[in-house]
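Please read the structure below before turning to the comments.
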Amino acid sequence: METPSLAWQLTLIRIYLFVCTCYRQQLWTLAQRLSNNHQPRFTDQEVLTIYLFGIIQKRRTIREIYDYTGDHLADWFPEMPSYGGYIQRLNRLSALFAPLIAEALVRVPRKEASRCVGLVDSMPIIVAHEKRSSHAKVAPELADKGYCASKQSFFYGVKLHIIGQRRRAAMPVPAWIGLTSGSENDLMALRQVLPRLKGGQLYGDKAYADGPMQARLAREQDLEMLTPAKKKRGQPYLSAAQQLWSEAVSRVRQPIESLFSWINEKTGIQCASKVRSYRGLLVHVFGRLAAAMLLLTFNS
C-alpha cells in the first residue's frame with residue numbers, strides 16, 4: 001500500500017515522464033528557440049510539470065503553485081527561476097497544453113465508451129462576474145461579455161465546449177473540445193464541428209434545439225440530435241408526453257454535466273479572475289484541462 005508521501009512523489013514522476021515523452025515526440029517543435037538560450041537550465045518540461053502537478057495538488061493560482069514548489073519541491077527543481085520569470089516561461093508555452101490534452105485522452109481506456117452516443121454541453125470560464133462584466137478588458141482577442149443561462153447572470157470571459165463519448169457507469173470521455181468567446185451561442189459553436197460527426201445520437205440541452213437542423217442531420221449524416229422539448233409560442237406548459245421526453249433526455253445527458261462539475265472541482269477552471277493576458281487565459285483553460293485529463297488517465 002502506498003504511503004501519502006510516496007503517492008505524491010509517484011504522481012509527480014508520472015507527470016514528468018508523460019510531459020517528457022510528449023515533448024520529445026512533438027511538443028519541441030512548438031517551443032523552439034532561435035536564440036543563444038535555446039537550451040535553458042530550467043527546462044520547458046519542468047515548467048509544464050510544475051504547473052500540472054500544482055493544479056492536481058489543488059493550488060489554484062500560479063502564485064500558489066510557485067510558492068508551493070519553492071517550499072516543498074526545491075530539491076526536485078533546483079534551477080527554479082524568479083516568479084516573474086516562471087510566468088513568462090509558462091505563458092510562452094501556452095500552445096503546448098492542447099497537444100498534452102490530446103495525448104492524455106489517447107491513454108484513457110475507451111472499452112466502455114460508446115461511439116454511437118455523444119453528449120454535448122458548455123461551461124462559462126469567468127474572468128469577471130456580472131458587476132464587472134461591462135468594464136473588463138482582459139484578453140479581448142477572445143473573451144467578451146456573455147450570459148450564463150444556468151446561473152441567470154452575465155459574465156465576461158469565454159465558453160468551454162465539450163462533446164463527450166458516453167461510458168457505462170463512468171464520466172464521458174471528451175472527443176471534441178472547443179473554446180469560444182463568452183457571447184458565442186452554444187448552437188453556433190456546435191455547428192462548427194457537426195460536419196465531422198457521422199451516425200449515432202447526440203444529446204444536448206434546449207440551447208441546441210433546432211428543428212430544421214435536426215432533420216437535416218438525420219437525413220444527410222444519419223445523426224440523431226436529441227434535445228428536451230421546448231414550448232411553442234403561446235403554449236402555456238408542456239404536455240405530459242413532452243415532460244417525460246425531456247426527463248429522459250436529461251437523464252442521458254446528465255454525465256456531461258457531471259464531467260464539467262468534476263473538472264471544476266479538481267482544477268478550479270471556471271474561475272479565471274487572476275488571468276491578465278490572452279496567453280494567460282489559454283494557460284488557465286487548457287493547462288487545467290490537461291491536468292484534469294491526466295487525472296482521468298491516472299484514475300482509469
Take the residues in region 150-163 that are touching a strand residue (DSSP E or B) at 6+ places or on another chain (Cβ under 7 Å) and either over 21 Å from residue 226 (Cβ atoms) or modelled with pLDDT under 95 (or both); name whichever of them is surrounded by the most Cβ atoms within 10 Å (Cβ to Cβ). 157
So which residues in region 179-193 are closer than 21 Å to residue 214 by Cα and either in contact (Cβ under 8 Å) with a residue 12 or more places away in the chain or not assigned by TED's automatic domain parsing to the domain that holds residue 117 (or both)? 184, 185, 186, 187, 189, 190, 191, 192, 193
Here the residues within region 141-154 that are among the hydrophobic types (A, V, I, L, M, F, W, C) and over 18 Å from the mean Cα position of the chain (by Cα) are 149, 154
With the structure loaded, tell me whether residue 55 is touching a Gly at 6+ places or on another chain (Cβ under 6 Å) and buried (at least 19 other Cβ atoms within 10 Å of the Cβ) or whether it fails that test. no
Yes/no for residue 45 being part of a helix (DSSP H, G or I) and more than 25 Å from residue 9 (Cα to Cα): no
For region 34-88, how many residues meet the condition of being more than 17 Å from residue 20 (Cα to Cα) and in contact with a Cys (Cβ under 9 Å, 6 or more places away or on another chain)? 1
Does residue 296 meet the test of being surrounded by 14 or more Cβ atoms within 10 Å (Cβ to Cβ), in a helix (DSSP H, G or I) and either touching a helix residue (DSSP H, G or I) at 6+ places or on another chain (Cβ under 6 Å) or not β-branched (Val, Ile, Thr) (or both)? yes
Touching an Asp or Glu at 6+ places or on another chain (Cβ under 9 Å) and either surrounded by 14 or more Cβ atoms within 10 Å (Cβ to Cβ) or closer than 25 Å to residue 274 by Cβ (or both): which single residue out of 134, 122 fits that description? 122
State all residues of region 124-176 that are small (Gly, Ala, Ser) and in a strand (DSSP E or B); if no residue qualifies, say none. 128, 146, 153, 157, 164, 170, 175
Report yes if some residue within region 76-97 is part of a loop (DSSP other than H, G, I, E, B), touching a Gly at 6+ places or on another chain (Cβ under 9 Å) and among the aromatic types (Phe, Trp, Tyr); otherwise report no. yes
Are there any pairs, at least 6 apart or on different chains, whose C-beta atoms fall under 7 Å, with the first in region 47-64 and in the same structural domain as residue 82 (by TED's automatic domain parsing) and the second part of a loop (DSSP other than H, G, I, E, B), and if so, which? 47/93; 48/93; 50/77; 60/268; 61/274
Only helices (runs of 4 or more DSSP H) wholly contained in region 177-284 count here; list those with 1 or more residues that are at pLDDT 95 or above, within 25 Å of the chain's Cα centre (by Cα) and under 30 Å from residue 84 (Cβ atoms). 240-267
Residues (within 20 Å of residue 232 (Cα to Cα) and of a type in the set (D, E, K, R)) located in region 187-217: 205, 206, 210
Show the residue pairs that are 6+ apart or on different chains and have beta-carbon atoms under 6 Å apart, the first residue being within region 137-151 and within 17 Å of residue 188 (Cβ to Cβ) and outside the structural domain of residue 205 (by TED's automatic domain parsing), the second being crowded, with 17+ Cβ neighbours inside 10 Å and of a type in the set (Asp, Glu). none
With respect to residue 141, is the statement that it is more than 23 Å from residue 263 (Cβ to Cβ), of a type in the set (Asp, Glu), out of contact with any strand residue (DSSP E or B) (no Cβ under 8 Å at 6 or more places or on another chain) and surrounded by fewer than 20 Cβ atoms within 10 Å (Cβ to Cβ) true? yes
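The values are calculated or read from the model by the stated rules, or taken from the named source; none is laboratory data. Keep in mind that what you see is a predicted model, and the values were worked out from it rather than measured. Ideal geometry is used to build each Cβ from the backbone, glycine not excepted, and the neighbour counts take in all protein chains shown.
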